[in-house]
1. Looking only at the range B:76-87, filter to residues that are free of Cβ contacts under 8 Å to residues at least 24 places away in the same chain and surrounded by fewer than 17 Cβ atoms within 10 Å (Cβ to Cβ); which one of those is farthest from the other protein chains (Cβ to nearest Cβ)?
2. Given the criterion within 26 Å of the chain's Cα centre (by Cα) and at pLDDT below 85, identify the matching residue among A:80, A:90, A:108.
3. Report yes if residue A:202 is free of Cβ contacts under 8 Å to residues at least 60 places away in the same chain and either within 11 Å of chain B (Cβ to nearest Cβ) or over 13 Å from the mean Cα position of the chain (by Cα) (or both), otherwise no.
4. What single numbered condition from (1) over 19 Å from the mean Cα position of the chain (by Cα); (2) assigned by TED's automatic domain parsing to the domain that holds residue A:251; (3) within 20 Å of residue A:228 (Cβ to Cβ) fails to hold for residue A:41?
5. When the residues of the range A:161-183 are narrowed to those that are touching a helix residue (DSSP H, G or I) at 6+ places or on another chain (Cβ under 7 Å) and more than 7 Å from chain B (Cβ to nearest Cβ), which ends up surrounded by the fewest Cβ atoms within 10 Å (Cβ to Cβ)?
6. Does the range A:85-100 hold any residues that are in a helix (DSSP H, G or I) and either in contact with a strand residue (DSSP E or B) (Cβ under 8 Å, 6 or more places away or on another chain) or surrounded by 12 or more Cβ atoms within 10 Å (Cβ to Cβ) (or both), and which are they?
7. Which residues, taken from the range B:125-137, are surrounded by 14 or more Cβ atoms within 10 Å (Cβ to Cβ), within 29 Å of the chain's Cα centre (by Cα) and modelled with pLDDT under 90?
8. Among the listed residues A:174, A:243, A:145, identify the single one that is in a helix (DSSP H, G or I) and either free of Cβ contacts under 8 Å to residues at least 40 places away in the same chain or farther than 30 Å from residue A:70 by Cα (or both).
């Protein structure tokens, strides 16, 4: 029997459009990954398989420094933003709806909507005055900036998880003599944990990948991996950069896969 | 104050919303529930029964009025400070804990010693016959088993009162019947006061020591199952509990003249005058030959076979419709035909008069 319900796959040009979009999305990335294993320096010609670019990048002290700095910033930013986001998500879901709730959502998600360059310039001016006043030049500015713009990325999966949770469970815990704090620790938190981990990974990946705000906020000698790569690419494109990109890509794929496994609905 | 009262509500009012749009889910309800009693709050959805239960559990605070437990005012105590436990309609089992950990939860929160918790959990598992399931995740259990875990979890801390919020509504018919008996057994064995909320009148009649019938935020009648069924105080109660025939008539001289012109002797007619409603249960209507002495003439409209019973729909002279429930004979044939003329009479003492 013919299924007459609407199906997008029967629209004219569906297959061609889908193939084109996938090529546009993934062909450049595929070429980059291939290039990182290419024996020659040109992306155009294959000159045999090699891991030497990875070795070269690994041995480069600038790359090492930038990587460590990126990981430190991303880890701290992920932890801080997830803590803030968890508190915000609980505060916005575990209470009666209030006037101005939508406004609060917008405030929390502000970094998703305000153009990044605006935030970057604002932070540059703001931090500059603090630098003058205190003389502090350390990584704290980058960590603070990253923590702030990562909040919505951590907030969204945590809030989704909280909203999907049966409120009766917390009522039941209270009924069984659990104080509000114990209810949170023994029931809400364990059930929320997959959401928190997912939010933390999303925040980590977002921080790891940031260029615009980092460029504006960083002091001299504070290159993260992306800003270092940008600086290198301006001079000459080396397959070493492809290799670093491939590693970053692999790391992101692993984290995002874990993210999807954790946020998947159990049915 | 009598000492056998477990829970008392005094002029409890619960309004939701504010100003003109406020809805009074409970409107000045006062009730006393005795110790070791199986008490049922019965009514249609929106009658306030669940709201009253939530006030007793502490999930809501009354807009005005008081809730007392063992004579002590607990109106403003949070739920975790009340020696009262709840079996939720959705069971609300903790999905991240095993069956045994679910049952132990309340005892752990009370800070009981480990050895005592282990012993109590074992006893509870035996009580609800789930010894083999102790280590399972609750999601691996059937609906009936989850129900038993919810019961065991609520009973484990030995509350003074157990609240049950329509706990059987998610079960299929056979399991529900089984659980009704099971609940009654548990209540008798533990001697804990059970307050059971349901909209199912059959459930209420079979399990309860006393029933409060509620409607529109008010208590309509409180009494034992037999009292509620045989002596409903008003039309709502008579209509909500079981099936009923309502016949309008005029009272006078200790008798009632029905709209059809027939005169019947009815309990409660003495000393009444004016318009009344006569209530008679279908199973209390007896059929006889047409024209037999002291019968009301009627015509058989239709017959509906229900297995144990046959429902005979009748029409009186003036067009008033009635139902008689007849026990089906072994052959299944009631021996009646559509359109047949019959005489009907009420079983002695079965018909009652309600004020209009």
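1. Among them, the one singled out is B:76.
2. A:108
3. No.
4. Unmet for residue A:41, out of (1) over 19 Å from the mean Cα position of the chain (by Cα); (2) assigned by TED's automatic domain parsing to the domain that holds residue A:251; (3) within 20 Å of residue A:228 (Cβ to Cβ): (2).
5. Per the criteria, the residue is A:163.
6. A:85, A:86, A:87, A:88, A:89, A:90, A:92, A:93, listed by residue number.
7. B:127, B:128, B:130
8. Result: A:174 is the single residue among A:174, A:243, A:145 that is in a helix (DSSP H, G or I) and either free of Cβ contacts under 8 Å to residues at least 40 places away in the same chain or farther than 30 Å from residue A:70 by Cα (or both).
The values are calculated or read from the model by the stated rules, or taken from the named source; none is laboratory data. Quantities reported herein were computed from a predicted structural model and do not represent experimental measurements. Cβ sites come from the backbone with ideal geometry, for glycine too, and all protein chains shown count toward neighbours.
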